[in-house]
Amino acid sequence: MKPVYNTLLRFDGIQVTGFRLGVYASFEVYVNTQMNTKTLGQKTAAAAIALDNNPIEVETEGLLDISGPPQPVKLNSMVDIVCNSSQNDITVKEWKQATLRDPLVISQITDGTESNVNSQGNGTTILTLQQTSEIWAGLINCTFRPELDTGVKILHRASFKLDVALLPQIVIFSDPQFPQCKNGSTRVSVRVKCEIKNSTEPYAVDWTVEGNSSALVAGQNVEGQDPRSYDAQTAFSCLPKDAKNPANMNCVFSNRMKQTRKASIEIHIIGVNDLRCQADEDWPVTKAGFTAKLRCEGVREGFRSRECDINRIWGKEESECVNRDLFSIAERTQVIDKGLGVVYQNAAELFSRLTNATNNTRSISSVSNLNTSINILNNMQNLNTSFNTSTLEEIVKSSSNILNVPSEEVWRSNVTDNLSMAELYLESVKQLISQTNISKEHASGASNVQIKACKLARCTNTLFGVNVSVDGQQGVVKTAGFKNLVNFLPPIQKDTKPNSIVVTVSDSNKERRFNHDLGSEVLIQFTLISPRQRNHEMKCAAMDRNGKWSFDLCVWGGSRNEGSCKCQFSSSFTLLLSRKAVILPALREITCVGLAISIASLVSFLMIECLVWKTVTKSVGLYLRHITLVNISVSLLIGNCSLFASAFPGDVSDLWCQICVVLKHFFFLAQFCWMFCLSCLLLYQTMVVWSDLSKGWSQGVCYSVGYGAPFLIVTFTFVSNDGGAEGKYYDAHSCWLTHHSMLKGSFYSFIIPVGIIVFVNILSMALVIVKLLNPVKGLGPGGRKSCSSGHAAIRILRSIIILTPVFGVTWLFGFASLVLDLADGLAASAVFYIFSVCNSFQGLFILLTVSVGEKMVRDALRKNVFATRRPSSTKETSMTMQSSMED
């Protein structure tokens, strides 16, 4: 190389300075004159050819002019460092720094919160440090990189040593923390220590005391220790009037620029008669009403504290200890944020370190460690840079590890006035994903976080079983799913619980990302965490542009498509399940009023039956008919009273609730069984007109069916469900039988027999009505029709009105309410209202249609009560219901 370079003007020599692994040689060329970059490039290219075309990289010193402020500079001052070049072919300008602590660690300087790089077109670049914090102390390098036609890599470099007058971070503590005065002593001695990290700054340390103390004696620190410790000792008065007031001790550090930083500590004296908590393990004796504080031990930074209350009882330990690895990563992210270090060059390493630091869930399960981990994510997204896919893999792993922390209490601790840790975590990871450069389909996953990307126009991604479809015009959609996170978020809405994972969606269209009106439609098919109970609504929640959860951006798919949400384009989505069933307005009030009227009506009916009993039961058929009506009414009366007594389940005891459920179960079943007996009796006498019934045999069958069958059903159900246990046989929240799912629950021991009976009763009613139509088709004496078609229609309508409440046909609405779901809206609500009215007013219907509506009963009442006319003989009919339809 020497024959090539010695042709340079004023060439002083060339020297090989060393060799490296791989047969790399380092050499220096000395030239004592101004140098032209183009000429240097040409010479270097020729030297490379002479070395059999081996590449040569050149760094120059002396071709750049760098200047800065007089040294040293004050801490937190503003300075400019200017770098100039006389060359005209400079295209790239860079600033770098080598720290004083580790000169081998070189970081690039970029625009940050404390730095600004201003490169001008005239060969000048200016580094402005708005605030010279301790990170800027070191060797500042300015580098110019020309682009040459020869392809030779040449770097022009100049250096400036920035000497910042530092001030330390001070940790101050006393020994002992709470000095104890002994009987007969007038003073107590206290030693106070101030510790700082080892530094090259020659600090001057002063001590001051505020309060009652004797002469203060400062100790000597040992140079070179890390941490460096400074201490002083003094004595405080034990007199009661002095001991009750705290004293302050201060250590004041001064740097070369006469800047100072002070640390203070309050000394609380424990007087002879003062209350105190005794030492507990490593916690020292502490004055009552104060808090002891200890430094974290091992590989942790920070402090932990424990309160001694005024009753001399130790409180729970509060820890602010942070794992040293997490603490170091957090410090590094803050340094990058200030402008020292290129984000995309450090991101993969930092997230990899975060993954390793969060692998052990127990090590990050405290509030301070979780807070630090999430703040690292937040600091990285605040740097507002782009990440590559390899960095994304580390983002997924580290954020997934963080979600392994199981404590909801820890997650819901506030990190700001408005955000909990879970909310900050979601926002940070969401922004990190959106800042990732993904131009094609991609998938990354860990145990708690999955990320997938696909291209529009229609894009569908599946995350943890959740399908997310987005319609759009162009760009790449990035979706992410977070397991467990929804459990850690603050309650989104009262009386709801989360029932899905959290899903986030972002795409490359920034305008659409922040404007819902321009957004694509997002269709999400969630997998439910827990089954939706019947009549319980679900709500789709989406995060609006203000970072608040909203229910206006999505539409739920309804009970037939429970996990579906159709939303406007937004950032985050989840599905909530209502803790309470849908409550229909005034339904309970209608039911209570109806029950009261029904109970009064049934009592009235039974009283009327007592008054007219002998008159209306002169034949076997009439006797059996009224026996069934009386037992229907008695069963319904007791059932309604039990229902009324448990109308407000929250106000009754479990025992009373259980008793009411048994009574309702038995007597409502008995009501339907007696209805069955009545329908069978009516059908028999309608179809077999001239047949005589055996009073004793028929009555025995009716009682066996009416009360025997319900007794067996209720007894078997009660015993088979853990002896009537709550949650098995009955539900304490509703004071009724349990209904878990289709054909599961004691409720089906009621509804299945009722359904069978109602079906049989409807058939019986239909046959009776058909029988009533026969006289219309026949002819009376003289060949004339016995009645008109209009009169027949009236008779049929009256029969339907009479038979419907007596045979329980209104329970068809009850079966409809079992199929419909109140979460579906108005149609289901209307059916519930109709069933509630019909069922709760059933006693009134029986009174009006059977007692008051029958001519025979009215005549008997006139005879026995009002005695308005002489009784007329009553001709027994064959129970074809004609007596009830005569005028």
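What the table below lists for this structure:
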| item | result |
| --- | --- |
| Residue in region 443-456 that is within 28 Å of ARG304 (Cβ to Cβ) and of a type in the set (Gly, Ala, Ser) present | no |
| Some residue of region 109-128 being of a type in the set (Asp, Glu), over 17 Å from SER77 (Cβ atoms), free of Cβ contacts under 8 Å to residues at least 40 places away in the same chain and not in a strand (DSSP E or B) | no |
| Residue match in region 593-602 (condition: at pLDDT 80 or above and in contact with a His (Cβ under 9 Å, 6 or more places away or on another chain)) | no |
| Matching residues, region 173-186, being open to solvent by less than 30 Å² (accessible area, probe 1.4 Å) and closer than 29 Å to ILE196 by Cβ | SER174, PHE178, PRO179 |
| Region 407-424: number of residues that are part of a strand (DSSP E or B) and crowded, with 17+ Cβ neighbours inside 10 Å | 1 |
| Strands (runs of 3 or more DSSP E) contained entirely in region 21-102, each with at least 3 residues that are surrounded by fewer than 16 Cβ atoms within 10 Å (Cβ to Cβ) | 24-31, 57-61 |
| From the options VAL555, VAL582, residue that is modelled with pLDDT of 85 or more and not basic (Lys, Arg) | VAL555 |
| Qualifying positions in region 392-443 - among the small types (Gly, Ala, Ser), modelled with pLDDT under 85 and closer than 19 Å to SER319 by Cβ | SER413 |
| Index of the failed condition, VAL190 passing every other in (1) under 30 Å from SER85 (Cα atoms); (2) open to solvent by less than 20 Å² (accessible area, probe 1.4 Å) | (1) |
| Region 6-26 residues that are free of Cβ contacts under 8 Å to residues at least 24 places away in the same chain, paired with ones that are open to solvent by 100 Å² or more (accessible area, probe 1.4 Å) and among the aromatic types (Phe, Trp, Tyr) (beta carbon under 6 Å, 6 or more apart) | ALA25/PHE19 |
| Residue within region 156-171 that is among the acidic types (Asp, Glu), open to solvent by 60 Å² or more (accessible area, probe 1.4 Å) and touching a residue at least 24 places away in the same chain (Cβ under 8 Å) present | no |
| Test set (1) touching a Cys at 6+ places or on another chain (Cβ under 7 Å); (2) farther than 30 Å from ILE374 by Cα - CYS296 fails condition number | (2) |
| Filtered residue count, region 571-622, keeping only those that are of a type in the set (A, V, I, L, M) and open to solvent by 30 Å² or more (accessible area, probe 1.4 Å) | 16 |
| Tally, over region 710-748, of residues that are more than 21 Å from ILE583 (Cβ to Cβ), outside any loop (DSSP other than H, G, I, E, B) and aliphatic (A, V, I, L, M) | 4 |
| Residue match in region 15-35 (condition: under 30 Å from ASN116 (Cα atoms), at pLDDT 85 or above and in contact with a strand residue (DSSP E or B) (Cβ under 8 Å, 6 or more places away or on another chain)) | no |
| Matching residues in region 351-360 - criterion: being open to solvent by less than 40 Å² (accessible area, probe 1.4 Å), of a type outside the set (A, V, I, L, M, F, W, C) and closer than 21 Å to CYS296 by Cα | THR358 |
| So ASN122, is it surrounded by fewer than 16 Cβ atoms within 10 Å (Cβ to Cβ) and touching a Leu at 6+ places or on another chain (Cβ under 9 Å) | no |
| Conditions (1) open to solvent by less than 50 Å² (accessible area, probe 1.4 Å); (2) part of a loop (DSSP other than H, G, I, E, B); (3) touching a Phe, Trp or Tyr at 6+ places or on another chain (Cβ under 7 Å): number failed by CYS540 | (2) |
| Hey, VAL79 on the phi < 0 side of the Ramachandran plot and among the aliphatic types (A, V, I, L, M) or not | yes |
| Of all residues in region 623-658 being in contact with a helix residue (DSSP H, G or I) (Cβ under 8 Å, 6 or more places away or on another chain) and without any contact (Cβ under 8 Å) to a residue 24 or more places away in the chain, the one that is least open to solvent (accessible area, probe 1.4 Å) | HIS626 |
| Qualifying residue in region 152-168 (condition: outside any strand (DSSP E or B) and at pLDDT below 90) | yes |
| All positions within region 382-391 that are of a type outside the set (Phe, Trp, Tyr) and either over 20 Å from LEU419 (Cβ atoms) or at pLDDT 90 or above (or both) | THR385, SER386, ASN388, THR389, SER390, THR391 |
| Subset of region 313-362 (residues that are small (Gly, Ala, Ser) and on the phi < 0 side of the Ramachandran plot) | GLY315, SER319, SER328, ALA330, ALA347, ALA348, SER352, ALA357 |
| Failed item, numbered, when GLU427 is tested on (1) within 22 Å of PRO490 (Cα to Cα); (2) open to solvent by less than 50 Å² (accessible area, probe 1.4 Å); (3) in a helix (DSSP H, G or I) | (2) |
| Restricting region 240-255 to residues that are in contact with a strand residue (DSSP E or B) (Cβ under 9 Å, 6 or more places away or on another chain) and assigned to a loop (DSSP other than H, G, I, E, B), the residue that is farthest from THR208 (Cα to Cα) | ASN255 |
| Positions within region 317-348 being charged (D, E, K, R) and within 32 Å of the chain's Cα centre (by Cα), in sequence order | GLU317, GLU318, GLU320, ARG324, ASP325, GLU331, ARG332, ASP337 |
| Residue match in region 200-208 (condition: modelled with pLDDT of 90 or more and under 45 Å from the mean Cα position of the chain (by Cα)) | no |
| From GLU297, GLU307, residue being over 30 Å from the mean Cα position of the chain (by Cα), open to solvent by 40 Å² or more (accessible area, probe 1.4 Å) and modelled with pLDDT under 90 | GLU297 |
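The values are calculated or read from the model by the stated rules, or taken from the named source; none is laboratory data. Nothing here was measured: the structure is a model prediction, and the numbers come from that model. Neighbour counts are summed over all protein chains in view; Cβ atoms, including those assigned to glycine, are modelled from backbone coordinates with ideal geometry. What goes into the accessible areas is simple: the full protein's heavy atoms, side chains included, and nothing from ligands, DNA or RNA. Shrake-Rupley method; radii C 1.70, N 1.55, O 1.52, S 1.80 Å.
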